[in-house]
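Working notes for the structure below.
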Amino acid sequence: MRRTTIALLAGLEASVAALIGLGIALVPLMLLWAVHFGLAVDAAFFFRAAADVWLLGHGVDLELQIDAVTAARSGLPGAGDPFPVTIALLGFAVVSAAFGRRIGRRSAAEGHSFTGSVAAIVVYAVVGFLLAVTAGVDGARSSLWQATLLPAFTMAVGVVVGAVGESLRGDPVADAAGGFVRRRVEALPVAFVATVRSVVRIGAGAASGVLAVAGLLVAWLIAADYATIAGLYQSLGTGIDGGIALTVAELALIPNVIVWAASWLLGPGFALGAGTSVSPGGTLLGPVPGLPLLGALPTEAQAFGALWLIVPVLLGFVGTWLVAGSMRSPAIGGNAARPGDLGARRRPDAWWLPLATGAGAAGVAGLVLGLLAWWSGGAAGPGRLADVGPNPWAVALVTAATVGIGAVTGGYAARANGRRDDEPGSVFSRAGAGSEPR
(Lines give C-alpha, C1' and ligand atoms only; values in the text may rest on other atoms or scores of the structure.)
Protein backbone atom coordinates (compact mmCIF):
# COMPACT_ATOMS: atom_id res chain seq x y z
CA MET A 1 0.00 0.00 0.00
CA ARG A 2 0.97 3.62 -0.42
CA ARG A 3 2.32 5.56 2.53
CA THR A 4 -0.70 7.89 2.58
CA THR A 5 -3.11 4.97 2.65
CA ILE A 6 -1.27 3.37 5.56
CA ALA A 7 -1.37 6.66 7.49
CA LEU A 8 -5.11 7.08 6.90
CA LEU A 9 -5.89 3.50 7.91
CA ALA A 10 -3.75 3.76 11.05
CA GLY A 11 -5.39 7.05 12.01
CA LEU A 12 -8.85 5.59 11.38
CA GLU A 13 -8.14 2.51 13.49
CA ALA A 14 -6.75 4.70 16.30
CA SER A 15 -9.96 6.76 16.17
CA VAL A 16 -12.01 3.58 16.41
CA ALA A 17 -9.92 2.45 19.39
CA ALA A 18 -10.59 5.75 21.17
CA LEU A 19 -14.32 5.51 20.40
CA ILE A 20 -14.48 1.96 21.75
CA GLY A 21 -12.76 3.04 24.96
CA LEU A 22 -15.15 5.97 25.31
CA GLY A 23 -18.08 3.68 24.58
CA ILE A 24 -17.05 1.28 27.35
CA ALA A 25 -17.21 4.19 29.80
CA LEU A 26 -20.27 5.87 28.27
CA VAL A 27 -22.72 2.97 27.88
CA PRO A 28 -23.17 2.21 31.62
CA LEU A 29 -23.34 5.94 32.37
CA MET A 30 -26.11 6.38 29.79
CA LEU A 31 -27.97 3.48 31.42
CA LEU A 32 -27.78 5.35 34.70
CA TRP A 33 -29.04 8.49 32.96
CA ALA A 34 -32.00 6.66 31.43
CA VAL A 35 -32.98 4.28 34.25
CA HIS A 36 -31.84 5.83 37.51
CA PHE A 37 -32.21 9.53 36.69
CA GLY A 38 -35.12 9.15 34.27
CA LEU A 39 -33.55 11.39 31.61
CA ALA A 40 -34.01 14.33 33.97
CA VAL A 41 -30.32 15.28 34.16
CA ASP A 42 -28.42 16.99 31.35
CA ALA A 43 -26.88 14.25 29.19
CA ALA A 44 -23.76 16.37 28.64
CA PHE A 45 -22.78 15.64 32.25
CA PHE A 46 -22.48 11.92 31.46
CA PHE A 47 -20.55 12.55 28.25
CA ARG A 48 -18.05 14.63 30.20
CA ALA A 49 -17.86 11.96 32.90
CA ALA A 50 -17.11 9.29 30.27
CA ALA A 51 -14.36 11.47 28.80
CA ASP A 52 -12.84 12.00 32.26
CA VAL A 53 -12.95 8.26 32.96
CA TRP A 54 -11.25 7.48 29.63
CA LEU A 55 -8.51 10.01 30.32
CA LEU A 56 -8.13 8.72 33.88
CA GLY A 57 -7.72 5.23 32.44
CA HIS A 58 -4.58 6.41 30.64
CA GLY A 59 -3.02 7.96 33.75
CA VAL A 60 -4.26 11.54 33.32
CA ASP A 61 -4.71 13.28 36.67
CA LEU A 62 -8.23 14.51 37.42
CA GLU A 63 -9.01 17.28 39.91
CA LEU A 64 -12.46 16.94 41.48
CA GLN A 65 -14.59 18.97 43.81
CA ILE A 66 -17.85 17.47 45.04
CA ASP A 67 -20.81 19.44 46.34
CA ALA A 68 -21.20 20.21 50.03
CA VAL A 69 -24.08 17.77 50.60
CA THR A 70 -22.22 14.79 49.11
CA ALA A 71 -19.06 15.80 50.97
CA ALA A 72 -20.93 15.83 54.26
CA ARG A 73 -22.44 12.40 53.59
CA SER A 74 -19.07 10.88 52.76
CA GLY A 75 -17.71 11.55 56.24
CA LEU A 76 -14.18 12.02 54.88
CA PRO A 77 -12.19 14.99 56.19
CA GLY A 78 -11.54 17.59 53.50
CA ALA A 79 -14.03 16.03 51.09
CA GLY A 80 -15.47 19.44 50.26
CA ASP A 81 -12.10 20.79 49.10
CA PRO A 82 -10.69 20.16 45.61
CA PHE A 83 -8.74 16.90 45.56
CA PRO A 84 -6.80 15.00 42.87
CA VAL A 85 -7.62 11.55 41.53
CA THR A 86 -4.44 10.08 40.07
CA ILE A 87 -5.08 6.33 40.10
CA ALA A 88 -5.31 5.02 36.54
CA LEU A 89 -8.05 2.59 35.51
CA LEU A 90 -5.57 0.49 33.57
CA GLY A 91 -8.20 -1.53 31.73
CA PHE A 92 -8.65 1.38 29.32
CA ALA A 93 -4.90 1.63 28.78
CA VAL A 94 -4.76 -2.11 28.02
CA VAL A 95 -7.46 -1.68 25.34
CA SER A 96 -5.55 1.19 23.72
CA ALA A 97 -2.23 -0.68 23.81
CA ALA A 98 -3.86 -3.77 22.26
CA PHE A 99 -5.22 -1.70 19.38
CA GLY A 100 -1.83 -0.01 19.05
CA ARG A 101 -0.10 -3.38 18.75
CA ARG A 102 -2.51 -4.32 15.96
CA ILE A 103 -1.83 -1.03 14.16
CA GLY A 104 1.93 -1.46 14.50
CA ARG A 105 1.86 -5.01 13.14
CA ARG A 106 -0.30 -4.08 10.16
CA SER A 107 1.79 -1.03 9.30
CA ALA A 108 5.04 -3.00 9.51
CA ALA A 109 3.60 -5.79 7.37
CA GLU A 110 2.78 -3.23 4.68
CA GLY A 111 6.29 -1.76 4.83
CA HIS A 112 5.48 1.58 6.51
CA SER A 113 5.71 0.99 10.25
CA PHE A 114 7.00 4.49 10.99
CA THR A 115 4.23 6.23 9.05
CA GLY A 116 1.44 4.15 10.56
CA SER A 117 2.82 4.47 14.08
CA VAL A 118 3.16 8.25 13.89
CA ALA A 119 -0.37 8.62 12.47
CA ALA A 120 -1.90 6.55 15.31
CA ILE A 121 0.07 8.39 18.01
CA VAL A 122 -0.88 11.82 16.63
CA VAL A 123 -4.57 10.85 16.50
CA TYR A 124 -4.48 9.77 20.15
CA ALA A 125 -2.73 12.98 21.17
CA VAL A 126 -5.40 15.05 19.41
CA VAL A 127 -8.23 12.99 20.92
CA GLY A 128 -6.81 13.38 24.43
CA PHE A 129 -6.36 17.12 24.01
CA LEU A 130 -9.89 17.64 22.65
CA LEU A 131 -11.49 15.54 25.39
CA ALA A 132 -9.64 17.42 28.13
CA VAL A 133 -10.69 20.78 26.65
CA THR A 134 -14.34 19.90 26.08
CA ALA A 135 -14.94 17.82 29.24
CA GLY A 136 -13.32 20.20 31.70
CA VAL A 137 -15.72 22.01 34.04
CA ASP A 138 -15.31 23.70 37.39
CA GLY A 139 -16.00 20.52 39.37
CA ALA A 140 -13.89 18.15 37.29
CA ARG A 141 -10.86 19.18 35.27
CA SER A 142 -8.15 17.02 33.73
CA SER A 143 -4.52 17.97 33.28
CA LEU A 144 -4.25 19.32 29.72
CA TRP A 145 -0.64 18.38 29.05
CA GLN A 146 -1.10 14.89 30.49
CA ALA A 147 -4.23 14.40 28.37
CA THR A 148 -2.16 15.23 25.29
CA LEU A 149 0.84 13.03 26.13
CA LEU A 150 -0.26 10.01 28.19
CA PRO A 151 -2.91 8.49 25.87
CA ALA A 152 -0.47 9.02 22.99
CA PHE A 153 2.28 7.33 25.05
CA THR A 154 0.02 4.33 25.68
CA MET A 155 -0.69 4.04 21.97
CA ALA A 156 3.05 4.43 21.25
CA VAL A 157 3.89 1.48 23.50
CA GLY A 158 1.43 -0.69 21.59
CA VAL A 159 2.52 0.32 18.08
CA VAL A 160 6.22 -0.07 18.92
CA VAL A 161 5.68 -3.57 20.32
CA GLY A 162 3.59 -4.56 17.31
CA ALA A 163 5.93 -3.04 14.72
CA VAL A 164 9.08 -4.52 16.29
CA GLY A 165 7.50 -7.96 16.59
CA GLU A 166 6.36 -7.94 12.96
CA SER A 167 9.73 -6.64 11.73
CA LEU A 168 11.55 -9.46 13.54
CA ARG A 169 9.26 -12.06 11.97
CA GLY A 170 9.04 -10.58 8.46
CA ASP A 171 11.41 -9.55 5.68
CA PRO A 172 13.93 -7.01 7.03
CA VAL A 173 13.97 -5.21 3.68
CA ALA A 174 10.18 -4.92 3.36
CA ASP A 175 9.88 -2.22 6.01
CA ALA A 176 12.16 0.81 5.77
CA ALA A 177 12.19 1.61 9.49
CA GLY A 178 12.63 -2.05 10.44
CA GLY A 179 15.46 -2.47 7.95
CA PHE A 180 17.18 0.65 9.26
CA VAL A 181 17.04 -0.63 12.83
CA ARG A 182 18.25 -4.09 11.80
CA ARG A 183 21.25 -2.65 9.95
CA ARG A 184 22.23 -0.55 12.96
CA VAL A 185 21.89 -3.54 15.28
CA GLU A 186 23.95 -5.76 12.96
CA ALA A 187 26.73 -3.17 13.06
CA LEU A 188 27.10 -3.66 16.82
CA PRO A 189 29.32 -6.39 18.33
CA VAL A 190 27.65 -9.77 18.25
CA ALA A 191 28.43 -10.53 21.89
CA PHE A 192 26.94 -7.22 23.04
CA VAL A 193 23.72 -7.73 21.07
CA ALA A 194 23.38 -11.31 22.33
CA THR A 195 23.90 -10.24 25.94
CA VAL A 196 21.39 -7.39 25.74
CA ARG A 197 18.86 -9.67 24.08
CA SER A 198 19.32 -12.26 26.83
CA VAL A 199 18.97 -9.63 29.54
CA VAL A 200 15.72 -8.29 28.09
CA ARG A 201 14.27 -11.74 27.49
CA ILE A 202 15.05 -12.98 30.99
CA GLY A 203 13.98 -9.80 32.80
CA ALA A 204 10.79 -9.21 30.82
CA GLY A 205 9.94 -12.90 30.98
CA ALA A 206 10.37 -12.99 34.76
CA ALA A 207 8.20 -9.88 35.19
CA SER A 208 5.53 -11.38 32.93
CA GLY A 209 5.68 -14.62 34.89
CA VAL A 210 5.14 -12.80 38.19
CA LEU A 211 2.14 -10.99 36.70
CA ALA A 212 0.76 -14.30 35.36
CA VAL A 213 1.00 -15.92 38.80
CA ALA A 214 -0.60 -12.81 40.31
CA GLY A 215 -3.45 -13.06 37.80
CA LEU A 216 -4.06 -16.68 38.77
CA LEU A 217 -4.00 -15.65 42.44
CA VAL A 218 -6.60 -12.94 41.81
CA ALA A 219 -8.84 -15.37 39.90
CA TRP A 220 -8.59 -17.90 42.74
CA LEU A 221 -9.42 -15.29 45.39
CA ILE A 222 -12.45 -14.06 43.43
CA ALA A 223 -13.73 -17.61 42.97
CA ALA A 224 -13.12 -18.49 46.62
CA ASP A 225 -14.82 -15.33 47.96
CA TYR A 226 -17.58 -15.11 45.36
CA ALA A 227 -20.29 -15.30 48.05
CA THR A 228 -18.78 -12.33 49.89
CA ILE A 229 -18.56 -10.29 46.69
CA ALA A 230 -22.16 -11.09 45.77
CA GLY A 231 -23.30 -10.13 49.25
CA LEU A 232 -21.57 -6.76 48.95
CA TYR A 233 -23.35 -6.17 45.65
CA GLN A 234 -26.69 -6.83 47.32
CA SER A 235 -25.91 -4.63 50.34
CA LEU A 236 -25.09 -1.68 48.11
CA GLY A 237 -28.54 -1.81 46.48
CA THR A 238 -27.32 -0.33 43.21
CA GLY A 239 -29.95 -1.93 40.99
CA ILE A 240 -29.29 -3.38 37.56
CA ASP A 241 -28.07 -0.12 36.00
CA GLY A 242 -25.83 0.77 38.92
CA GLY A 243 -24.55 -2.79 39.13
CA ILE A 244 -23.53 -2.70 35.47
CA ALA A 245 -21.69 0.59 35.94
CA LEU A 246 -19.98 -0.73 39.07
CA THR A 247 -18.96 -3.95 37.30
CA VAL A 248 -17.45 -2.02 34.37
CA ALA A 249 -15.45 0.07 36.84
CA GLU A 250 -14.20 -3.08 38.56
CA LEU A 251 -13.25 -4.69 35.24
CA ALA A 252 -11.26 -1.56 34.40
CA LEU A 253 -9.48 -1.98 37.74
CA ILE A 254 -8.60 -5.66 37.20
CA PRO A 255 -5.13 -4.85 35.73
CA ASN A 256 -4.46 -2.64 38.77
CA VAL A 257 -5.53 -5.44 41.10
CA ILE A 258 -3.22 -7.91 39.31
CA VAL A 259 -0.28 -5.54 39.80
CA TRP A 260 -1.26 -5.14 43.46
CA ALA A 261 -1.40 -8.94 43.81
CA ALA A 262 2.09 -9.14 42.32
CA SER A 263 3.26 -6.65 44.94
CA TRP A 264 1.54 -8.77 47.59
CA LEU A 265 3.29 -12.01 46.64
CA LEU A 266 6.62 -10.15 46.40
CA GLY A 267 6.18 -9.01 50.00
CA PRO A 268 5.77 -5.19 50.03
CA GLY A 269 1.99 -5.45 49.60
CA PHE A 270 -0.18 -2.43 48.93
CA ALA A 271 -2.26 0.19 50.70
CA LEU A 272 -5.95 1.08 50.45
CA GLY A 273 -5.64 4.36 52.27
CA ALA A 274 -3.18 6.11 54.50
CA GLY A 275 -2.05 3.92 57.38
CA THR A 276 -3.34 0.69 55.83
CA SER A 277 -1.48 -2.34 54.57
CA VAL A 278 -2.32 -5.57 52.74
CA SER A 279 0.65 -7.94 52.69
CA PRO A 280 1.49 -11.60 53.39
CA GLY A 281 2.39 -10.55 56.92
CA GLY A 282 -1.17 -9.39 57.64
CA THR A 283 -3.94 -7.02 56.65
CA LEU A 284 -4.57 -3.72 58.39
CA LEU A 285 -7.53 -1.80 56.99
CA GLY A 286 -9.85 1.01 57.93
CA PRO A 287 -12.83 2.17 55.89
CA VAL A 288 -12.25 1.17 52.25
CA PRO A 289 -13.96 2.21 49.00
CA GLY A 290 -17.28 0.48 48.44
CA LEU A 291 -16.17 -1.90 45.70
CA PRO A 292 -17.49 -5.48 46.00
CA LEU A 293 -14.27 -6.71 44.38
CA LEU A 294 -12.42 -5.74 47.55
CA GLY A 295 -14.33 -8.48 49.34
CA ALA A 296 -11.69 -10.88 47.99
CA LEU A 297 -8.93 -9.24 50.04
CA PRO A 298 -7.08 -11.62 52.37
CA THR A 299 -7.97 -10.76 55.96
CA GLU A 300 -5.34 -12.77 57.86
CA ALA A 301 -1.60 -13.21 57.82
CA GLN A 302 -0.40 -16.09 55.68
CA ALA A 303 1.47 -18.79 57.59
CA PHE A 304 3.94 -19.35 54.74
CA GLY A 305 3.64 -15.99 53.00
CA ALA A 306 7.40 -15.68 52.55
CA LEU A 307 7.35 -18.75 50.31
CA TRP A 308 5.82 -16.63 47.54
CA LEU A 309 9.28 -15.12 47.09
CA ILE A 310 10.31 -18.43 45.53
CA VAL A 311 8.21 -17.51 42.47
CA PRO A 312 10.45 -14.69 41.10
CA VAL A 313 13.59 -16.63 42.08
CA LEU A 314 12.43 -19.67 40.12
CA LEU A 315 11.34 -17.53 37.18
CA GLY A 316 14.77 -15.90 37.05
CA PHE A 317 16.53 -19.27 37.29
CA VAL A 318 14.38 -21.05 34.70
CA GLY A 319 14.42 -18.09 32.32
CA THR A 320 18.21 -17.86 32.41
CA TRP A 321 18.60 -21.62 31.97
CA LEU A 322 16.28 -21.66 28.95
CA VAL A 323 17.81 -18.60 27.32
CA ALA A 324 21.35 -19.91 27.88
CA GLY A 325 20.38 -23.27 26.46
CA SER A 326 18.88 -21.75 23.29
CA MET A 327 21.96 -19.67 22.45
CA ARG A 328 25.58 -20.32 21.56
CA SER A 329 28.52 -18.28 22.69
CA PRO A 330 30.50 -16.33 20.06
CA ALA A 331 32.87 -18.67 18.28
CA ILE A 332 36.60 -18.16 18.03
CA GLY A 333 37.22 -15.63 15.33
CA GLY A 334 34.45 -13.24 16.34
CA ASN A 335 31.53 -14.83 14.45
CA ALA A 336 28.42 -16.09 16.20
CA ALA A 337 28.18 -19.87 16.35
CA ARG A 338 24.71 -20.95 15.25
CA PRO A 339 23.06 -24.10 16.57
CA GLY A 340 23.73 -25.92 13.28
CA ASP A 341 27.44 -25.02 13.13
CA LEU A 342 28.77 -28.25 14.61
CA GLY A 343 32.28 -27.41 13.51
CA ALA A 344 32.45 -24.23 15.58
CA ARG A 345 33.99 -24.82 18.98
CA ARG A 346 32.40 -22.73 21.72
CA ARG A 347 34.53 -20.22 23.50
CA PRO A 348 34.22 -20.48 27.29
CA ASP A 349 32.21 -17.61 28.73
CA ALA A 350 33.98 -15.16 31.01
CA TRP A 351 33.35 -15.86 34.67
CA TRP A 352 31.62 -12.52 35.13
CA LEU A 353 29.19 -12.88 32.19
CA PRO A 354 26.46 -14.80 34.13
CA LEU A 355 26.79 -12.23 36.91
CA ALA A 356 26.40 -9.31 34.50
CA THR A 357 23.51 -11.00 32.69
CA GLY A 358 21.72 -11.75 35.95
CA ALA A 359 22.20 -8.19 37.20
CA GLY A 360 20.88 -6.79 33.92
CA ALA A 361 17.86 -9.10 33.96
CA ALA A 362 17.18 -8.10 37.56
CA GLY A 363 17.25 -4.44 36.55
CA VAL A 364 14.83 -5.03 33.66
CA ALA A 365 12.38 -7.00 35.82
CA GLY A 366 12.57 -4.44 38.63
CA LEU A 367 12.04 -1.58 36.18
CA VAL A 368 8.99 -3.22 34.57
CA LEU A 369 7.20 -4.12 37.81
CA GLY A 370 8.25 -0.88 39.51
CA LEU A 371 6.77 1.23 36.70
CA LEU A 372 3.58 -0.84 36.71
CA ALA A 373 3.31 -0.46 40.48
CA TRP A 374 3.71 3.31 40.12
CA TRP A 375 1.14 3.48 37.32
CA SER A 376 -1.38 1.28 39.13
CA GLY A 377 -1.53 3.37 42.31
CA GLY A 378 -2.19 6.93 43.29
CA ALA A 379 -4.88 9.05 44.89
CA ALA A 380 -8.40 7.62 44.74
CA GLY A 381 -10.16 10.32 46.72
CA PRO A 382 -9.82 12.95 49.46
CA GLY A 383 -8.21 12.53 52.86
CA ARG A 384 -6.83 9.09 53.62
CA LEU A 385 -7.74 7.81 50.14
CA ALA A 386 -4.86 9.85 48.73
CA ASP A 387 -2.59 6.80 49.25
CA VAL A 388 -3.77 3.72 47.32
CA GLY A 389 -1.62 1.05 45.72
CA PRO A 390 1.87 -0.41 46.21
CA ASN A 391 5.14 1.36 46.90
CA PRO A 392 6.90 1.31 43.50
CA TRP A 393 10.41 1.57 44.95
CA ALA A 394 9.85 -1.37 47.29
CA VAL A 395 8.36 -3.46 44.48
CA ALA A 396 11.25 -2.63 42.14
CA LEU A 397 13.92 -3.44 44.74
CA VAL A 398 12.39 -6.74 45.87
CA THR A 399 11.81 -7.80 42.26
CA ALA A 400 15.37 -6.97 41.29
CA ALA A 401 16.79 -8.82 44.30
CA THR A 402 14.76 -12.01 43.89
CA VAL A 403 14.95 -12.23 40.09
CA GLY A 404 18.65 -11.36 40.27
CA ILE A 405 19.36 -14.21 42.68
CA GLY A 406 17.58 -16.69 40.44
CA ALA A 407 19.11 -15.34 37.22
CA VAL A 408 22.68 -15.35 38.52
CA THR A 409 22.27 -18.85 39.93
CA GLY A 410 20.73 -20.06 36.69
CA GLY A 411 23.49 -18.45 34.66
CA TYR A 412 26.28 -20.17 36.57
CA ALA A 413 24.37 -23.46 36.54
CA ALA A 414 23.98 -23.25 32.76
CA ARG A 415 27.68 -22.33 32.45
CA ALA A 416 28.70 -25.36 34.51
CA ASN A 417 26.40 -27.58 32.47
CA GLY A 418 27.92 -26.23 29.24
CA ARG A 419 31.41 -27.00 30.49
CA ARG A 420 30.42 -30.58 31.24
CA ASP A 421 29.03 -30.88 27.71
CA ASP A 422 32.37 -29.69 26.29
CA GLU A 423 34.43 -32.23 28.25
CA PRO A 424 36.25 -34.95 26.23
CA GLY A 425 33.95 -37.80 25.40
CA SER A 426 30.80 -35.69 25.50
CA VAL A 427 28.46 -35.34 22.57
CA PHE A 428 29.36 -31.67 21.98
CA SER A 429 33.05 -32.41 22.18
CA ARG A 430 32.89 -35.13 19.54
CA ALA A 431 30.65 -32.97 17.36
CA GLY A 432 33.09 -30.06 17.66
CA ALA A 433 35.90 -32.35 16.57
CA GLY A 434 34.01 -33.16 13.41
CA SER A 435 32.85 -36.67 14.33
CA GLU A 436 29.22 -37.69 14.40
CA PRO A 437 27.77 -38.48 17.84
CA ARG A 438 26.88 -42.08 18.33
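The values are calculated or read from the model by the stated rules, or taken from the named source; none is laboratory data. Worth saying up front: this structure is predicted, and the values here are computed from it rather than measured. Positions of Cβ are backbone-derived with ideal geometry, glycine not excepted, and every protein chain shown enters the neighbour counts.
For the stretch 195-235, name all the residues that are under 17 Å from residue 359 (Cβ atoms) and buried (at least 16 other Cβ atoms within 10 Å of the Cβ). Of everything in the stretch 195-235, those that are under 17 Å from residue 359 (Cβ atoms) and buried (at least 16 other Cβ atoms within 10 Å of the Cβ) turn out to be 195, 198, 199, 201, 202, 203, 204, 205, 206, 207.
Inside the stretch 116-130, residues that are over 22 Å from the mean Cα position of the chain (by Cα) and not aliphatic (A, V, I, L, M) make up a count of 2.
Taking residue 173, is it out of contact with any strand residue (DSSP E or B) (no Cβ under 6 Å at 6 or more places or on another chain) and either assigned by TED's automatic domain parsing to the domain that holds residue 324 or at pLDDT 80 or above (or both)? The answer is no for residue 173. Among the residues of the stretch 284-302, those that are under 17 Å from residue 220 (Cβ atoms) and not in a helix (DSSP H, G or I) comprise 297, 298, 299, 300, 302.
Taken together, 413, 407 contain a single residue that is at pLDDT below 90, touching a Phe, Trp or Tyr at 6+ places or on another chain (Cβ under 8 Å) and in a helix (DSSP H, G or I), which is 413.
Inside the stretch 288-338, residues that are closer than 24 Å to residue 396 by Cα, of a type in the set (A, V, I, L, M, F, W, C) and modelled with pLDDT of 75 or more make up a count of 15. Number of residues in the stretch 124-160 that are in contact with a Gly (Cβ under 9 Å, 6 or more places away or on another chain) and farther than 14 Å from residue 52 by Cβ equals 12.
Here is a yes/no grid of residues against (1) farther than 24 Å from residue 370 by Cβ; (2) touching a residue at least 12 places away in the same chain (Cβ under 8 Å):
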position	(1), (2)
223	yes, no
231	yes, yes
255	no, yes
259	no, yes
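Scanning the stretch 274-287 for residues that are surrounded by 15 or more Cβ atoms within 10 Å (Cβ to Cβ) and modelled with pLDDT under 85, we see that the one that is farthest from residue 210 (Cα to Cα) is 285. Among the residues making up the stretch 273-283, a single one is closer than 22 Å to residue 250 by Cβ, out of contact with any helix residue (DSSP H, G or I) (no Cβ under 6 Å at 6 or more places or on another chain) and in a loop (DSSP other than H, G, I, E, B): 276.
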